[in-house]
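Q: Mind looking over this structure? Questions follow.
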Amino acid sequence: MGYEEMWRDLLPIGRVSGGGYRRFSWTAADRECRAWFTEEAGRRGLTVEEDRNGNLFAWWDVPGERRDAVLTGSHLDSVPDGGAFDGPLGVVSSLAAIDVLRERGVTPARPLGIAVFAEEEGARFGVACLGSRLLTGAIDPVRARGLRDADGTTWADAMAADGCDPDAIGPDPDLLAGIGSFVELHVEQGRALDVPVGVASAIWPHGRWRFDFTGQGNHAGTTLLRDRRDPMLPFARTVLAARDAAARHEAVATMGKVHVTPNGVNAIPSLVRAWLDTRAPDDDAVRATVAEIHAAAEKAAGEHGVEVALSEESYTQVVGFHAELRDRLAMTLGGAPVLPTGAGHDAGILSAHVPTAMLFVRNPTGVSHAPEEHAETGDCLTGVEALAAVLEDLLSP
Ligand code: GLV
Ligand code: MN
Ligand code: MN
Ligand code: MN
């Protein structure tokens, strides 16, 4: 299957009205995406293996042990109503790059693998890059097994329902030891690139926090204003405080997910649970931003007779990609621009263990994690050529 046929088959999977995607881990859409990948890899004679953490790998092996392998790939899961390119572009481009290498008659001197990492977005179970975190030991498997989705299903149960053994999850040093380098191609997610392809320098530190504002559920008509303990009020102040704190620290802060209990139009809520995503160029700015938002939340909660509790759900420190590999990529591509990003990636997790780099493909809309996310076909094909050139270089003796 050529490049366009791959997209033709992949694009309908998990698409919802409005044009976005809902491809959450271990759901029917995710299974279909995995089946699609397994078929495309099999068509190319690659050996497909699922590791113990739900990550898929397709290998172009060479005789002998799997050592010093070059790994590429990305993820196929999505955020709620996400775009078509975040994740899948890296996977499709990896398969297409193998086609290019074969057309050129390249004989790899070491194995080449394509990874499809599980739960990169953390959209269902809350922790981003869960598959790569488990593989590298960046998350305790006991905690991972117990992560719950909105319906209370655990990662362990969701995995088991798909035929995987949740007791086996955890670090896989042997698999990791066989990987010599990792290059993830990804759509650029802002407006940072004005040529088709760039090379990543760094990922901003970023994290997710959860606020629980607990008040007193009550009647919307009979409860006088002075008698209320309405958790929606401190929550609202916290949203505004997040914007102000982020501006003060040259950070970004987002409260994009909120669960209200009981969520009735004529009931004062008893609980507002809201999630904060904060990112900045350095760790201190992230920490200072979150501390200020927390202080504002506590102050507002106190004023309204509401309890507030803050918990950190995940944190990823600043990632500087492997300088030698980054420069090698930029040089192979004839001096491609080198740029940082505020988006998280499995490459950021892998980079603590394996020389890692990233390629970005231009996003003309500057929109991502939304249906309008876009990349021009011409730029994507330039991305495939760039990835193929980089892989050919890394696979040479
Ligand atoms: C994932 O794509 C993230 O950056 O949140
Ligand atoms: Mn994403
Ligand atoms: Mn992504
Ligand atoms: Mn991401």
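Q: Quote the FRET efficiency, to the nearest 0.05, computed for residue 267 versus residue 210 with a Förster distance R0 of 22 Å and r equal to the Cβ-Cβ distance. Can you show the working numbers first?
A: On the way: r = 22 Å, r/R0 = 1.01.
In this case the efficiency is close to 0.50.
Q: Under the Karplus relation 6.51 cos²θ - 1.76 cosθ + 1.60, θ = phi - 60°, what is the ordered set of whole-Hz ³J(HN,Hα) values for the stretch 342-350, x standing for Gly and Pro?
A: Once θ is set to phi - 60°, the couplings for the stretch 342-350 become x, 8, x, 8, 4, 4, x, 6, 4 Hz.
Q: In whole Å, what are the Cα extents of the stretch 82-173 along the three principal axes, biggest one first?
A: Principal extents (Cα only, largest first): 50, 33, 24 Å.
Q: Something else: Over the stretch 206-316, what is the relative contact order in whole percent, taking alpha-carbon pairs under 8 Å and six or more residues apart? It would help to have the intermediate numbers written out before the result.
A: Working: 231 pairs, mean separation 50.5, N = 111.
With pairs under 8 Å counted, the relative contact order is 45 percent.
Q: Could I ask something else about it? How far is helix 88-103 tilted off the main Cα axis of the chain, in degrees rounded to 10, range 0 to 90?
A: It works out to around 0 degrees.
Q: Return one number: the angle in degrees, 0 to 90 and rounded to the nearest 10, between the long axis of the Cα atoms of helix 377-395 and the longest principal axis of the Cα atoms of the chain.
A: That helix lies at roughly 60 degrees to the long axis.
Q: One-quarter of the Cα convex hull surface for the stretch 49-120, in nm²? If you can, show how the numbers build up before the last one.
A: Details: hull surface 21.6 nm².
Averaged projected area of the stretch 49-120's Cα convex hull equals 5.4 nm².
Q: Return the distance in nm (one decimal) between the two label points of a simple spin-label model at residue 323 and residue 352, each offset 7 Å from Cα along Cα→Cβ.
A: Rounded to a tenth, the inter-label distance reads 2.2 nm.
Q: What ranking do 7, 204 get, fewest neighbouring Cβ atoms within 10 angstrom at the top? Write out the running numbers ahead of the final one.
A: On the way: 7 18, 204 24.
Final ranking by Cβ density, sparse to dense: 7, 204.
Q: Karplus couplings for the stretch 363-376 from phi (6.51 cos²θ - 1.76 cosθ + 1.60, θ = phi - 60°), rounded to Hz, Gly and Pro as x?
A: Rounded to whole hertz, the list is 10, x, 7, x, 10, 8, 6, 7, x, 6, 3, 8, 9, 6.
Q: Which residue fluctuates the most in the chain, going by a Gaussian network model with Cα springs under 10 Å, if the choices are 72, 278, 222?
A: In this elastic network of the chain, the residue with the biggest mean-square fluctuation among 72, 278, 222 is 222.
Q: When the Kirkwood radius is taken over all Cα pairs of the chain, what Stokes-Einstein diffusion coefficient follows at 25 °C and 0.890 mPa s, in µm²/s? Each step should come with its number before you reach the end.
A: On the way: Rh = 22.1 Å.
Diffusion coefficient, whole number: 111 µm²/s.
Q: For helix 323-332, what angle does its Cα long axis make with the longest principal axis of the chain, in degrees from 0 to 90 and rounded to 10?
A: Approximately 60 degrees, to the nearest 10.
Q: Right, another one. Please provide three numbers in whole Å: the alpha-carbon extents of the stretch 107-241 along the principal axes, with the largest listed first.
A: Principal axes ranked by extent give 77, 46, 21 Å for the Cα atoms.
Q: Roughly what percent of Cα-Cα pairs across the stretch 278-397 reach past 24 Å? Kindly include the intermediate steps, with their values, before the conclusion.
A: Numbers: 3429 of 7140 pairs.
Above the 24 Å cut-off, the stretch 278-397 has 48 percent of its Cα pairs.
Q: Right, next: Above 16 angstrom, tally the Cα pairs of the stretch 206-316 and express them as a % of all pairs, no decimals. Please list the in-between numbers first.
A: Values: 3423 of 6105 pairs.
That tail contains 56 percent of the Cα-Cα pairs.
Q: Another question, then. Label residue 43 and residue 62 with points 7 Å out from Cα along Cα→Cβ: what is the distance between them in nm?
A: 2.7 nm
Q: Pick out, from 223, 201, 236, the residue whose Cα sits farthest towards the positive end of the charge dipole of the stretch 191-251, with +1 on the Cβ of Lys and Arg and -1 on the Cβ of Asp and Glu.
A: Comparing the listed Cα positions along the dipole, 223 ranks first.
Q: Can you tally the net charge around residue 261? Count Lys and Arg as +1, Asp and Glu as -1, for every other residue whose Cβ sits under 15 Å from the Cβ of residue 261.
A: Charge balance in the 15 Å sphere: 0.
Q: Over the stretch 1-99, what number does the Rg to Rh ratio reach, with both radii from the alpha-carbon atoms and Rh per Kirkwood?
A: On the way: Rg = 13.8 Å, Rh = 14.1 Å.
Radius of gyration relative to Kirkwood radius: 0.98.
Q: Taking θ = phi - 60°, what integer Hz values does the Karplus form 6.51 cos²θ - 1.76 cosθ + 1.60 yield along the stretch 230-244, in sequence order, with x for Gly and Pro?
A: 9, x, 5, 6, x, 4, 4, 5, 5, 4, 5, 5, 5, 5, 5
Q: What fraction of the DSSP beta bridges in the chain is antiparallel, stated in percent and rounded to the nearest 5? Display every interim value, and only then the final one.
A: Numbers: 45 of 63 bridges.
Roughly 70 percent of the beta bridges in the chain run antiparallel, per DSSP.
Q: Let me have the 222 nm mean residue ellipticity of the chain computed from DSSP H runs of 4+ only, each contributing -39500 (n - 2.57), with the sum over all residues rounded to the nearest 500.
A: On the way: 12 runs with 137 residues, N = 397.
Result for the chain: -10500 deg cm²/dmol, rounded to the nearest 500.
Every number here is computed from the coordinates shown, using simple stated rules; none is lab data. None of these values were measured; they are calculated from a predicted model. Glycine gets a Cβ as well: all are built from the backbone with ideal geometry, and neighbour counts include every protein chain shown.
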